[in-house]
Amino acid sequence: MFSFMSSRLGSALNPRSAQLICSTSLLALSLCLPAAPGLAQDTPSSAFITEEIVVTTRKREELLQDVPISIAAFTTRDIEKTGMQNVEDVARLTPGFTFAPLFGGDASTPVIRGLSTTIGEPNVGFFVDGVYQSSRAAMDALLANSIERIEVAKGPQSALYGRNTFGGAVNFITKRASNAFEGQAEATYGRKDRIDIKGSISGPIVEDRLFARIAGSYFERDGYFVNELTGDDLDDKQTAAVAGSLEARPSDNLRITWRMSYEDTDDGDDPLRFVANNARLHTIAIAPAFQFVSGEVPGARSGFAVTPGFFKRNNLTTSLALDWDVGDYTITSITGYNDLKTKRDQDSDFEARSIRYLNSRVDLEEISQELRITSPQEERFRWMVGAYYYDLDSETNNRDLRTGLGSAIPGVPPFTSIFSAGLINETQEKTENFAIFGEAGFDLTQDLKATFSGRYSWEEKKVMAVDTNPLTLASGTFEDKANFNNFTPRFTLDYHVTEDALVYGSVARAVKSGGFNVVTVAGLILDEERSYNPEKSWHYELGAKTNWFDNRLTFNAAAFYIRWTDQIVRAVGATGALLNVNAGKTTSQGFELEMSARPAEGLEINGGFAYTDSKYKDYFFAALVSFVGFTPEEAQLAGTNLQYVSKYTANGSIQYTHPIANDFDWFGRVDLSYQSKQSIVQPGGSYVGDRTLVNLRTGVETERYSLTFWVNNLFKDKGAVTGVYTTNPASRYDTAAGLIGLGPVVGMQAFGALVTSADPRTWGVTARAKF
């Protein structure tokens, strides 16, 4: 199954021949680069050596190049030099990682290696210092100045991380408090009166025993787009955040760390507009109507006219970590608590007429506890064993009010009618998860290592959902619970061909728990539509990590093949509700390449490329026949690319630094990212186009100070960021009005493409001081 990959990546060569890159028959995966004798002779200075990064992806400190997992890691320096602001920036600089901020971010969809899901729980797990963060609505938060490192682990991490790491995991590691006084201040001013202020200070309270760190940030900007209904800014943004930590070392073998962060976001609306359907003429009610957008959906630059709304988020995360060395063993405890509250008011017809308005309130609390014991890592046989507990309590209140035609059609049950007064949904969800996990590694030889990881989880989900018609006050209640138990193993074999070349292969199973359908915005969910089962996959990976020319060049490659069964896919219920059902099978295969080079003093070159072929193997989407006019043959989507997956992703950066005078250096940097088109609907044919973003940065710096001038989206890429098919309230209103003689007779459209517009070109200046 990897034959197509090996032909792309080269063939194995003798490592002694003219310093050509070699690989081994262990993986049948090789890299082939020409020698550069002029670069390989003398021992280079530190200015020529690529940075060695320490990661904790396997819950212990290891050099990135020694870990047999495909990982993209970003340090504090990377975050500062690239100007990273959020997870979308991280995805653009990570081959094989895409991020779709659906519905303005409420349903953010991270996709790694083509494993895309749009509703329900995500397929990529997000963690802060090892503590799980479940909400899609918190994924797009700004990166605070307390981040030391970001690790993107590709492929399933279920064995060690558990829940919802079906396709990968993103771990944010915050900065530790220091035993010496240090601090940093940063200020940015940019287009649309962007103001971004950050500061931090750290130092000892009791020397060598108790340290503290506190950091704060404030961000605001005016809107990039105008609300043409009011004449005011549409999408203004404001966020304030504070983070702190205390680290106690009561003895040389005990470290206790408390961390806390709090974020307060107060944003306006998002640049969302429906695109007019132009294909698939089909009659659902009264008369024919177009049901589909064929081709590329455009990103609007104007025409936003909505009743003003807002998005507010208050997010508290805190953790207490204990690391206790007992002889040669280490006991680690991590206790986490998250409290997330979001409020959104949104004109959900996305036009000037007052037809439909949504009030959404979410209150989510999470508690987690991990306890593990780790053996000495220098031994030939190494092991780790642990236990994990997770508890989630979530309350959601959605008031989806139709402010146009208010009464239901006689003879049609409440809130099944598309012309009803709306729906009030109150949902309480509780999840409890208990797991035991472990890892055992054994050195078969000095260079050949085998590692087995596994996790057994017990999970119980409970739900109570109450749907109420605000006009008639008729209500219905759904209450249920379900249990999901699963085992997720991982086996890895890695071999050091030389000190500078690691090759590996792994096989892993991933399981994502089932759950309940509770999103009733599009229609009532019938009792028999309420639940769905777990989905499963097997992942096969081959990879190589190599250093060349005395660490002046790092080149890594990975190839993967995934079989995904009982896939949780989108379906439409009997009344138009959007559902999760187990109706799909998918295969995803591809490869990833990453490179980092220091060919000359002051010159840094980084790049990455990924090819992802993610297609349904079996998925009959019956709703396409009744709602869109597909034939049964067309509704069988086998061979269709998955949503929000770019077949090709690439990124590259070049930075050059040159001394000028009096310890001042000048630097210039170019960052480029590319994503090929992405389907925004299951049957394909409707997509956001290719996107190429180029960012420039230049300025002067010393060891302590820097001044940076920057431009993002230099060439004004105006393509849509993403899109999603959902009910179009305005279209349905027009159909209802025609039906009762209040307007022309028009056919009903089941769904429309709601598209998110991209930010324009922006510019600014950033000053930074370290002390």
Over the stretch 193-215, the set of residues under 30 Å from T307 (Cβ atoms) and crowded, with 18+ Cβ neighbours inside 10 Å is D196
Within the stretch 467-482, restricting to residues that are of a type in the set (V, I, T) and open to solvent by 30 Å² or more (accessible area, probe 1.4 Å), the one that is farthest from L160 (Cα to Cα) is T472
Taking first residues from the stretch 455-474 that are in contact (Cβ under 8 Å) with a residue 40 or more places away in the chain and second residues anywhere that are open to solvent by 60 Å² or more (accessible area, probe 1.4 Å) and outside any strand (DSSP E or B), the pairs with Cβ under 8 Å that are 6 or more apart or on different chains are L471/S407
### Query
Has the stretch 71-94 got any residue that is farther than 25 Å from R221 by Cβ, surrounded by fewer than 20 Cβ atoms within 10 Å (Cβ to Cβ) and of a type in the set (S, T, N, Q)?
yes
Restricted to the stretch 673-690 and to residues being touching a residue at least 40 places away in the same chain (Cβ under 8 Å) and in a loop (DSSP other than H, G, I, E, B), the residue surrounded by the fewest Cβ atoms within 10 Å (Cβ to Cβ) is G685
Given (1) open to solvent by 10 Å² or more (accessible area, probe 1.4 Å); (2) at pLDDT below 95, T554 misses just (2)
So the strands (runs of 3 or more DSSP E) completely within the stretch 251-339 holding 3 or more residues that are under 25 Å from P744 (Cβ atoms) and in contact with a Gly (Cβ under 9 Å, 6 or more places away or on another chain) are 272-275, 279-285, 287-292
In the stretch 216-241, anything acidic (D, E) and crowded, with 19+ Cβ neighbours inside 10 Å is listed as D235, D236
Per the filter on the stretch 648-664, residues open to solvent by less than 60 Å² (accessible area, probe 1.4 Å), more than 25 Å from L754 (Cβ to Cβ) and in contact (Cβ under 8 Å) with a residue 40 or more places away in the chain are A650, N651, G652, S653, Q655, T657
Checked V645, V670, V700 against criteria (assigned to a strand (DSSP E or B), modelled with pLDDT of 95 or more and open to solvent by less than 60 Å² (accessible area, probe 1.4 Å)); the one match is V700
Of the residues in the stretch 490-504, those that are open to solvent by less than 20 Å² (accessible area, probe 1.4 Å) and closer than 30 Å to N433 by Cα come to T492
Meets criteria (part of a loop (DSSP other than H, G, I, E, B), surrounded by 15 or more Cβ atoms within 10 Å (Cβ to Cβ) and among the β-branched types (V, I, T)) for V362
no
Conditions (1) crowded, with 16+ Cβ neighbours inside 10 Å; (2) at pLDDT 95 or above -> D717 fails only (2)
Flag for S513 being under 24 Å from the mean Cα position of the chain (by Cα), more than 28 Å from R570 (Cα to Cα) and either open to solvent by 40 Å² or more (accessible area, probe 1.4 Å) or in contact (Cβ under 8 Å) with a residue 24 or more places away in the chain (or both): no
The residue that is nearest to F99 (Cα to Cα), considering only those in the stretch 729-753 that are open to solvent by less than 20 Å² (accessible area, probe 1.4 Å) and touching a Gly at 6+ places or on another chain (Cβ under 6 Å), is A753
The residue that is nearest to S70 (Cα to Cα), considering only those in the stretch 82-124 that are acidic (D, E) and more than 8 Å from the chain's Cα centre (by Cα), is D89
The residue that is farthest from A557 (Cα to Cα), considering only those in the stretch 483-516 that are part of a strand (DSSP E or B) and at pLDDT below 90, is F516
Filter the stretch 276-297 for residues that are on the phi < 0 side of the Ramachandran plot and of a type outside the set (A, V, I, L, M, F, W, C); the one that is most open to solvent (accessible area, probe 1.4 Å) is E296
- Query: Quick check, is A559 in contact with a strand residue (DSSP E or B) (Cβ under 7 Å, 6 or more places away or on another chain) and either buried (at least 23 other Cβ atoms within 10 Å of the Cβ) or of a type outside the set (S, T, N, Q) (or both)?
  - Reply: yes
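The values are calculated or read from the model by the stated rules, or taken from the named source; none is laboratory data. Keep in mind the model is a prediction, meaning the values are calculated, not measured. When we count neighbours, we look across all protein chains shown, and the Cβ atoms used for this are built from the backbone with ideal geometry, even at glycine. Just the protein is used for accessible areas: all its heavy atoms, side chains included, with ligands, DNA and RNA removed. Shrake-Rupley method; radii C 1.70, N 1.55, O 1.52, S 1.80 Å.
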